[in-house]
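Report on one structure; see the data block that follows.
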Amino acid sequence: MNSSINAACDTAIVSFKNVRKKFKTTQGDLLALDDFTLDIAEGESIALLGSSGCGKSTLLRMLVGLDTDYEGSICVKGRPVKGIEQERGMVFQEHRLFPWLTVAKNIELGLLNDQLSPQERQSKIADHVRLVGLDGFADSYPHQLSGGMAQRVSIARGLVSSPRILLLDEPFGALDANTRTQMQQELLRIRAESRITTILVTHDIEEAIYIADRIILLAPRPGRIQKVIKVCEAHPRERTPFEFHRLQKELLYTMTGDEAYAAETRRLESLSPSAIAL
Ligand SMILES: Nc1ncnc2c1ncn2[C@@H]1O[C@H](COP(=O)(O)OP(=O)(O)O)[C@@H](O)[C@H]1O
Ligand SMILES: [Mg+2]
C-alpha cells in the first residue's frame with residue numbers, strides 16, 4: 001500500500017483500519033466501502049475527493065458516530081468510535097437550521113450537552129457568531145440570511161462545542177460560485193484560528209487543492225482509496241499557479257483515465273522540478 005496513505009501513527013487523531021461497509025438493499029448487499037485504511041494527523045486538513053456514490057458521506061457518518069454498523073475499526077485518539085461525541089462536529093451540505101430559531105439559538109443547539117453556566121454559554125455563542133463573521137446578526141432568523149450566511153451559522157454550530165475535529169460534507173455545494181469561493185477562504189481562516197483537524201468531503205477538484213494538506217481520492221463501486229496526494233503549497237494558495245494546474249491535471253487523469261490529461265501532466269512535470277511531494 002502507498003506509504004503516504006498513513007501519517008505517523010503515533011500522532012494520528014483519526015485512524016481508519018480496513019473499514020468495510022455494506023448496505024442491505026432490496027437487490028441484495030451493496031458494498032459501499034472496502035478496505036479503507038487511513039491515519040489523519042492532529043491539525044491536518046484532509047479532503048475526501050470523489051464522484052457521487054463512492055462512499056464519502058458514509059465515511060463521515062461512521063466517523064461522527066451516526067453509523068456504527070461496519071467491519072474494521074475507526075478510532076479517534078486511539079479509542080473506537082461508539083457514538084456521537086462533542087470532540088467531533090459536523091457540517092452538512094444543507095445548512096439544517098431551524099427556521100423558528102434565531103442565529104444565536106441555532107448556534108446554541110451545538111451546546112446542548114455542555115455543562116456551562118448561562119454566562120459561559122452566551123459568551124461562547126457570541127465568540128462563534130464573531131468567528132464566522134456574523135457580528136450583528138445574532139438575533140436574525142434564517143429566512144433573513146443569504147445562503148452563505150446560513151452556512152456560516154451551521155459552521156458556527158459545528159464549532160461551538162470546541163470539537164477537535166470538524167467534518168464537512170460538501171458544505172459549499174449548494175452555494176453560488178462566488179459565495180463558495182468566499183466560504184472556502186472563510187474555512188481556511190477559521191482553521192487557522194481554531195487550529196482543528198478538518199475533513200472536507202467534496203467532488204470539486206479545485207476546492208480540494210485549494211484547501212487540503214492531503215487529498216484522498218476515492219474510487220467508486222466499492223468506495224476505496226485510489227490515490228493520496230499531498231499538497232505542499234503554502235497558504236494563501238493562488239488558484240491558477242503552475243503546481244495547482246499540474247495537480248488538477250493529475251487528478252483529472254486519475255479520475256477519468258483520459259490519456260490527454262496524463263500527457264499534459266507529464267509535459268508540466270518536465271517543465272518544473274516538483275515543489276510537491278507525491
Ligand atoms: N442507507 C443506505 N442504504 C442503501 N444504500 C446506501 C445507503 N446510504 C448510501 N448508500 C449507497 O452507498 C454508496 C455510497 O453512498 P454515499 O456515502 O452517500 O456516497 P457519496 O457521499 O460519495 O456520494 C452509494 O452507492 C449509495 O447509494
Ligand atoms: Mg455524499
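What do you reckon, is R164 open to solvent by 70 Å² or more (accessible area, probe 1.4 Å) and either on the phi < 0 side of the Ramachandran plot or not polar (S, T, N, Q) (or both)?
It is true that R164 is open to solvent by 70 Å² or more (accessible area, probe 1.4 Å) and either on the phi < 0 side of the Ramachandran plot or not polar (S, T, N, Q) (or both).
Any idea which of (1) open to solvent by 40 Å² or more (accessible area, probe 1.4 Å); (2) outside any loop (DSSP other than H, G, I, E, B); (3) hydrophobic (A, V, I, L, M, F, W, C) is the one M90 doesn't satisfy?
(1)
Would you call I84 among the β-branched types (V, I, T) and touching a His at 6+ places or on another chain (Cβ under 7 Å)?
no
Is it true that some residue in the stretch 20-29 is buried (at least 17 other Cβ atoms within 10 Å of the Cβ), touching a residue at least 40 places away in the same chain (Cβ under 8 Å) and within 16 Å of ligand 2 (Cβ to nearest atom)?
Yes; the residues of the stretch 20-29 include at least one that is buried (at least 17 other Cβ atoms within 10 Å of the Cβ), touching a residue at least 40 places away in the same chain (Cβ under 8 Å) and within 16 Å of ligand 2 (Cβ to nearest atom).
One line per residue, one yes/no per condition, for (1) surrounded by fewer than 20 Cβ atoms within 10 Å (Cβ to Cβ); (2) at pLDDT below 95:
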position: L112; (1), (2): yes, yes
position: I125; (1), (2): no, no
position: P142; (1), (2): yes, no
position: L145; (1), (2): yes, no
position: Q151; (1), (2): no, yes
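Do any residues in the stretch 203-217 that are of a type in the set (G, A, S) have Cβ atoms under 8 Å from those of residues that are assigned to a loop (DSSP other than H, G, I, E, B) and away from ligand 2 (no atom under 16 Å from the Cβ), where the two are at least six apart or on different chains, and which pairs are they?
A212/V231
Out of (1) modelled with pLDDT of 90 or more; (2) open to solvent by less than 10 Å² (accessible area, probe 1.4 Å); (3) more than 16 Å from ligand 2 (Cβ to nearest atom), the odd one out for M183 is which?
(1)
Take S57 and tell me if it is exposed (fewer than 14 other Cβ atoms within 10 Å of the Cβ), among the polar types (S, T, N, Q) and either in a helix (DSSP H, G or I) or at pLDDT 95 or above (or both).
Criteria not met by S57.
Return the pairs, sorted by first residue and then second, in which the second residue is part of a helix (DSSP H, G or I), the first residue lies in the stretch 146-161 and is more than 17 Å from T197 (Cα to Cα), the beta carbons are less than 6 Å apart, and the residues are 6+ apart or on different chains.
Pairs found: G148/T179; G148/M183; A150/P142; V153/V103; V153/N106.
For the stretch 188-229, what are the residues that are small (G, A, S), away from ligand 1 (no atom under 15 Å from the Cβ) and touching a strand residue (DSSP E or B) at 6+ places or on another chain (Cβ under 9 Å)?
S194, A212
Scan the stretch 48-65 for residues that are small (G, A, S) and under 11 Å from the mean Cα position of the chain (by Cα) and jot them down.
Matches in the stretch 48-65: S57 only.
Return yes or no: is I84 modelled with pLDDT under 95 and not hydroxyl-bearing (S, T, Y)?
yes
For the stretch 60-83, which positions are within 16 Å of ligand 2 (Cβ to nearest atom), open to solvent by 30 Å² or more (accessible area, probe 1.4 Å) and not in a helix (DSSP H, G or I)?
Across the stretch 60-83, the qualifying residue is only L66.
Considering each of I46, I40 in turn, give the residue that is hydrophobic (A, V, I, L, M, F, W, C), within 16 Å of ligand 2 (Cβ to nearest atom), assigned to a strand (DSSP E or B) and farther than 11 Å from G223 by Cα.
None of the others qualify; the one that does is I46.
Would it be correct to say that S51 is away from ligand 1 (no atom under 14 Å from the Cβ) and hydroxyl-bearing (S, T, Y)?
Criteria not met by S51.
The values are calculated or read from the model by the stated rules, or taken from the named source; none is laboratory data. Predicted model only: the values in this text are computed from it and were never measured. Note that each Cβ is placed from the backbone with ideal geometry, even for glycine, and that neighbours are counted across all protein chains shown. All accessible areas refer to the heavy atoms of the entire protein, side chains included, with ligands and DNA or RNA removed. Shrake-Rupley method; radii C 1.70, N 1.55, O 1.52, S 1.80 Å.
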